[in-house]
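What follows is a set of notes on a single structure, which appears directly below.
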Amino acid sequence: MNRSSSRPLIGVSACLKENGRGGWHHTVGDKYVQAALRAAGGMPVLIPAIGPEFDDEPGFVAAMDRLLDSLDGVLLTGSPSNVEPHHYGKESRAGTEHDRARDATTLPLIRHAIDRGVPLFAICRGLQEVNVALGGSLHQHVHEVEGRRDHRSPKSPDMDVNYAPTHDIDVTEGGLLHKLLGERRVKVNSLHAQGVDVLAPRARVEATCCDDGQIEALSVPDAPGFVLALQWHPEYKALSNPVSMKLFDAFSSACRARMTARSAPLLRAAE
Ligand SMILES: N[C@@H](CCC(=O)NCCCC(=O)O)C(=O)O
């Protein structure tokens with residue numbers, strides 16, 4: 001993969017988390033930053049969870065569009081928190097972890113990024129956000145759904161255990177993921193309690209879990225730019241995982257193409 005000296009700017013979605021002492025932090029797992037930096041060859045730019053700060057919708061939309069016009073790609077991260085179910089007409093159980101600020105940021109960001117052709121690579125919670133943002137819904141407890149396996153990870157202190165390949169996926173023949181991977185069967189890790197229930201109308205299934213048919217990847221065929229959403233975690237030790245690197249290389253190429261297109265007018269003006 002050619003990694004020219006210039007790095008595309010890749011927005012990385014942050015969560016808003018309470019720090020246990022009454023303070024709040026905008027947080028991103030380092031493995032996502034490292035993946036944007038090393039696997040995608042970009043320059044990560046954290047996108048804070050600021051949606052609720054913008055009372056007026058037009059103000060937020062204008063600010064968000066300025067942000068998207070300055071980015072070459074967006075990486076939607078995973079999180080232990082869950083999309084608030086009122087976004088898809090449901091209610092959640094008491095004690096379910098949510099992140100209202102992240103939802104208020106990523107759900108409109110996804111719609112605008114897709115419509116503006118900004119390359120979008122979504123991971124775990126990120127896939128769930130794409131499906132909800134485009135009108136789909138989620139199972140909130142996949143392991144309680146008839147015929148579904150438990151997709152949650154062991155709660156080991158060893159990250160290699162929690163992110164170990166867990167189940168095979170059946171890659172949709174002829175789809176984007178099949179084109180990128182060149183294979184129909186891959187084993188992936190699994191760290192999620194929630195998952196796609198009703199698929200968003202614009203989305204296409206790119207892979208399902210071989211054990212139970214749970215959707216594991218989706219794309220948006222009518223999007224003008226690259227859009228790929230995965231339920232598993234390709235960012236975990238991505239550099240040593242050939243499957244992950246095929247996906248990050250594709251995302252990187254899409255970001256690099258946008259970077260070139262964005263800089264072309266400036267280069268012409270400088271001639
Ligand atoms: N909370 C949702 C999404 C799960 C998810 O993103 N897991 C990853 C958490 C840790 C990490 O960022 O790797 C669900 O449970 O389905």
(message) I'm trying to understand the selection: among the residues of the stretch 194-224, which are more than 18 Å from Leu107 (Cβ to Cβ) and open to solvent by 10 Å² or more (accessible area, probe 1.4 Å)?
(response) Arg204, Val205, Thr208, Cys210, Asp211, Asp212, Gly213, Ile215, Pro221, Asp222, Pro224
(message) Of all residues being polar (S, T, N, Q) and closer than 24 Å to Phe226 by Cα in the stretch 7-35, which is least open to solvent (accessible area, probe 1.4 Å)? Just the residue, please.
(response) Ser13
(request) Take the residues in the stretch 138-159 that are exposed (fewer than 10 other Cβ atoms within 10 Å of the Cβ) and free of Cβ contacts under 8 Å to residues at least 24 places away in the same chain, then tell me which one is farthest from the ligand (Cβ to nearest atom). (result) Glu146
(request) Please determine, by comparing only the residues of the stretch 106-137 that are within 23 Å of Gly41 (Cα to Cα) and of a type in the set (D, E, K, R), which one is least open to solvent (accessible area, probe 1.4 Å). (result) Arg125
(request) Could you tell me whether any residue of the stretch 125-140 is modelled with pLDDT of 95 or more, of a type outside the set (A, V, I, L, M, F, W, C) and more than 25 Å from Val61 (Cβ to Cβ)? (result) yes
(message) Let me confirm something: among Lys246, Lys179, Lys187, Lys237, which residue is among the basic types (Lys, Arg) and touching a Gly at 6+ places or on another chain (Cβ under 9 Å)?
(response) Lys246
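Taking the conditions exactly as written (away from the ligand (no atom under 14 Å from the Cβ) and either in contact with a Leu (Cβ under 8 Å, 6 or more places away or on another chain) or closer than 27 Å to Arg256 by Cβ (or both)), does Gly73 satisfy them or not? Break it down into steps so the answer makes sense when it comes.
On the way: away from the ligand (no atom under 14 Å from the Cβ): yes; either in contact with a Leu (Cβ under 8 Å, 6 or more places away or on another chain) or closer than 27 Å to Arg256 by Cβ (or both): yes.
Here the answer is yes, as Gly73 does meet what is asked.
The values are calculated or read from the model by the stated rules, or taken from the named source; none is laboratory data. Since the model is a prediction, treat every value here as computed from it, not as a measurement. With ideal geometry, Cβ positions are generated from the backbone for all residues, glycine too; neighbour counts draw on all protein chains shown. We work out accessible area using only protein heavy atoms, side chains counted, and drop any ligands, DNA or RNA first. Shrake-Rupley method; radii C 1.70, N 1.55, O 1.52, S 1.80 Å.
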